[in-house]
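The values are calculated or read from the model by the stated rules, or taken from the named source; none is laboratory data. None of these values were measured; they are calculated from a predicted model. Methodologically, a virtual Cβ is constructed for each residue, glycine included, from the backbone with ideal geometry; neighbour enumeration extends over all protein chains shown. Areas reflect the complete protein model, heavy atoms only, side chains present, ligands, DNA and RNA absent. Shrake-Rupley method; radii C 1.70, N 1.55, O 1.52, S 1.80 Å.
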Protein chains: 6
Amino acid sequence: MAGKLATFHEFRSRMNEKLLSEGNLQLKRFFNLDSQVYTNGALSSRTKELMRLVASAVLRCDDCITYHLIRCAEEGVTDEEFFETFNVILIVGGSITIPHLRRAVETLEEIREKGAKGETRKGRNGEERKGRMEETGKRRKEK
Amino acid sequence: MAGKLATFHEFRSRMNEKLLSEGNLQLKRFFNLDSQVYTNGALSSRTKELMRLVASAVLRCDDCITYHLIRCAEEGVTDEEFFETFNVILIVGGSITIPHLRRAVETLEEIREKGAKGETRKGRNGEERKGRMEETGKRRKEK
Amino acid sequence: MAGKLATFHEFRSRMNEKLLSEGNLQLKRFFNLDSQVYTNGALSSRTKELMRLVASAVLRCDDCITYHLIRCAEEGVTDEEFFETFNVILIVGGSITIPHLRRAVETLEEIREKGAKGETRKGRNGEERKGRMEETGKRRKEK
Amino acid sequence: MAGKLATFHEFRSRMNEKLLSEGNLQLKRFFNLDSQVYTNGALSSRTKELMRLVASAVLRCDDCITYHLIRCAEEGVTDEEFFETFNVILIVGGSITIPHLRRAVETLEEIREKGAKGETRKGRNGEERKGRMEETGKRRKEK
Amino acid sequence: MAGKLATFHEFRSRMNEKLLSEGNLQLKRFFNLDSQVYTNGALSSRTKELMRLVASAVLRCDDCITYHLIRCAEEGVTDEEFFETFNVILIVGGSITIPHLRRAVETLEEIREKGAKGETRKGRNGEERKGRMEETGKRRKEK
Amino acid sequence: MAGKLATFHEFRSRMNEKLLSEGNLQLKRFFNLDSQVYTNGALSSRTKELMRLVASAVLRCDDCITYHLIRCAEEGVTDEEFFETFNVILIVGGSITIPHLRRAVETLEEIREKGAKGETRKGRNGEERKGRMEETGKRRKEK
């Protein structure tokens, strides 16, 4: 795995570990809560990941957008769905979000390339994750 | 129809009309685009309304939250789904969103009361809309 | 002078006085600097007031919008110019600014009504100010 | 206890209860964490309350500002300290924070009046709290 | 054309093309609207570009600031006018905008150097554009 | 002095000089005021630096965070205190601040390494400053 995504994952993992090993109990609790919130419940984790992508984009945080694009792709979000999500972001957040959408499109391209090559990444709990989940058949349709 | 929601609807309609009647072509186009984006497509309008609710809440706009709570309720979003949405808002946006969630809970209560009484409101295009859509059977399940 | 604008002016003046009388030297200096920045220079105070209106609106501060609408009207900004400014706000800041624009339109209406009746308000330095400046002939054309 | 502060407390308590009684486990955990973070630790709860006031003000949330003004006053923050805090808010956050500072000054005035009359309010855990803590001698000096 | 500006232009053009070729109709419409809004009207496109610069800076988007600095320079905005604009940004948005102003000053320097060398860039519609417009005599004076 | 911090200091100093030498009187006044506000007063400069760190982080400005981490370290803020400050940032500002905290932890690491090597940096007024102040004995305890 090479390129920007690899760099992103490496820095993210290394620094999250540092935050959690050096941080106090409250920091750990926040991180735990942050994971719990996005599991399947009344709303699917897929829908919640899409919500997070929208929230990250209107708050204009590139690293968050990158992470949620990856997670959404893992949940089987299609390009057509991504672009409708970008519409929502653009209309609610305005043209100030456009530079972030430009970078999102580039990131999405790298995600799709890796997925096409069947590359995987380590999940939070160390298990291997496919770059894309469409082929796993576990994807839940939104419509 | 009485209370805060009625006041909200009345002011919103009156001022939107003013904006559109006095505004220029570009303003009208933005409003048109704003409607088009939320229709059913690759993503359901229900999912998009939930996205808008999240975006409005992390950007902390009370009027937007009110409007999207109403729209989500019309799309049949359940209380359990609303509270999972509030979790996403709270985690991404932090405790600064709590005062908005307090007001959201109050608004939601008024929406449910009206729905229970079978009250309707005028939709954008003048047709009557039910306060809730659950009983219409047209609701698409998220899960 | 009655209505929302009067209430706005009264609270604003009373609290600014309190801030300045109880506040420390640095607070006074900030307020002074805040006045100096908008006087005529390489850019006209008219252009700067329009800039402030845009900044206030994309940062979504209703009180700031109200104040800068008043100041812009004093600088002779026309309705057509206001609506083109609203276009800029809407495109850059997105639909999240719409509730603020609805309130801006209502405020603008009250400003124009007062102007039509020839009402005046006290300026910062106590001198009387016309609600509108068009008739004074001192207005500088933008184009 | 009367006036705006009483209304604020009543709505805040009532809606927090609703959020917690109707909300899910994650919402409760967030609220718990939100309390834990501000207890005495390496930094005093007084310093943390001042930090919260600054954060609330630069993020421009009036209800949050009101609550942290109350909490800071309970921690014995003096008017001189409040105004130096307002300086920090104003410099970092800019003139867009001024309307919030105007409302903060009004709130502070009501807090001091209540304190002078020896009024108390119910704390989170039901115990009575003094409006001000200066006279309790428990205040820790910042300097 | 070399340096940061060239890199900026290249990435911006390439990704805008991707967004527009892969995006849906609503995305295209937003981009169209985004162009229409800044043409000459009741307000000059020069004034509108200055407004956009202010909006971008108080919302703290470096790429947007870079683009609007370029566009403002093309509209003949002088250094004196730029620095008065920076004053407005700094006062409204606070010291949090300073890092963006530092980068803006560096960008402006590169823009002026290119202008002095008579370099041009491709406009949106493919026609060549001068780096500066002062010498073209088409500049409209603000004052 | 090498690495990211050195690059940060170099760019910051060079561009501040440019802003001040080319900027107008109002810009200089803002910069002066920005320094005055953080000197010892009713609140210690240490407390004010911590406030600035919180404000910078919830407003999500990496350069500001870097600068205030350096300044806080100079004021003798300990790692335990930094992590409690990160708790406040995380709770108030939400998970959207996490990428900034990851970078903050990396920056803090570089600051501590330099401090351990006894490296110094030039202060605003040209005098040499220690990377850490703990050993100078001038540190005022918070608790």
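Regarding B:T7, is this residue in a helix (DSSP H, G or I), touching a residue at least 24 places away in the same chain (Cβ under 8 Å) and away from chain F (no Cβ under 14 Å)?
Working: in a helix (DSSP H, G or I): yes; touching a residue at least 24 places away in the same chain (Cβ under 8 Å): no; away from chain F (no Cβ under 14 Å): yes.
It is false that B:T7 is in a helix (DSSP H, G or I), touching a residue at least 24 places away in the same chain (Cβ under 8 Å) and away from chain F (no Cβ under 14 Å).
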> Here are some residues: D:D63, D:D79. Which one is surrounded by fewer than 22 Cβ atoms within 10 Å (Cβ to Cβ) and out of contact with any Asp or Glu (no Cβ under 8 Å at 6 or more places or on another chain)?
Replying inline: D:D63
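Output the residues belonging to the range D:1-30 that are open to solvent by 70 Å² or more (accessible area, probe 1.4 Å) and basic (K, R). Spell out the reasoning first.
Pass one, the range D:1-30, residues open to solvent by 70 Å² or more (accessible area, probe 1.4 Å): D:1-2, D:4, D:7, D:10, D:14, D:17, D:21-22, D:25, D:28-29.
Within the range D:1-30, D:K4, D:R14, D:K28, D:R29 qualify.
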>> Can you find a residue that is at the interface with another protein chain (Cβ under 9 Å from one of its Cβ atoms), surrounded by 18 or more Cβ atoms within 10 Å (Cβ to Cβ) and over 28 Å from D:F83 (Cα atoms) anywhere in the range F:40-49?
In response: no
>> Tell me yes or no: at least one residue of the range C:87-97 is surrounded by fewer than 24 Cβ atoms within 10 Å (Cβ to Cβ), within 27 Å of B:T7 (Cβ to Cβ) and in contact with a Pro (Cβ under 6 Å, 6 or more places away or on another chain).
In response: no
> When both residues are 6+ apart or on different chains and their Cβ atoms are under 6 Å apart, which pairs have a first residue that lies in the range C:12-35 and is more than 21 Å from F:N40 (Cα to Cα) and within 7 Å of chain D (Cβ to nearest Cβ), and a second that is surrounded by 13 or more Cβ atoms within 10 Å (Cβ to Cβ) and of a type in the set (G, A, S)?
Replying inline: C:D34/D:S95
> What single numbered condition from (1) at the interface with another protein chain (Cβ under 8 Å from one of its Cβ atoms); (2) out of contact with any Phe, Trp or Tyr (no Cβ under 6 Å at 6 or more places or on another chain) fails to hold for C:L90?
Replying inline: (2)
> If you take the residues in the range F:66-76 that are in contact with a Ser or Thr (Cβ under 9 Å, 6 or more places away or on another chain) and not in a loop (DSSP other than H, G, I, E, B), which one is surrounded by the fewest Cβ atoms within 10 Å (Cβ to Cβ)?
Replying inline: F:R71
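Restricting attention to the range C:94-109, does a residue exist that is small (G, A, S), more than 14 Å from the chain's Cα centre (by Cα) and either facing another protein chain (nearest Cβ under 10 Å) or part of a helix (DSSP H, G or I) (or both)?
Filtering the range C:94-109 down to residues small (G, A, S) leaves C:94-95, C:104.
With more than 14 Å from the chain's Cα centre (by Cα) added as a condition, the list becomes C:94-95.
Filter once more, so that each one left must be either facing another protein chain (nearest Cβ under 10 Å) or part of a helix (DSSP H, G or I) (or both): C:94-95.
Yes, the range C:94-109 contains at least one residue that is small (G, A, S), more than 14 Å from the chain's Cα centre (by Cα) and either facing another protein chain (nearest Cβ under 10 Å) or part of a helix (DSSP H, G or I) (or both).
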>> When the residues of the range B:50-65 are narrowed to those that are closer than 20 Å to D:M15 by Cβ and outside any helix (DSSP H, G or I), which ends up nearest to the other protein chains (Cβ to nearest Cβ)?
In response: B:C61
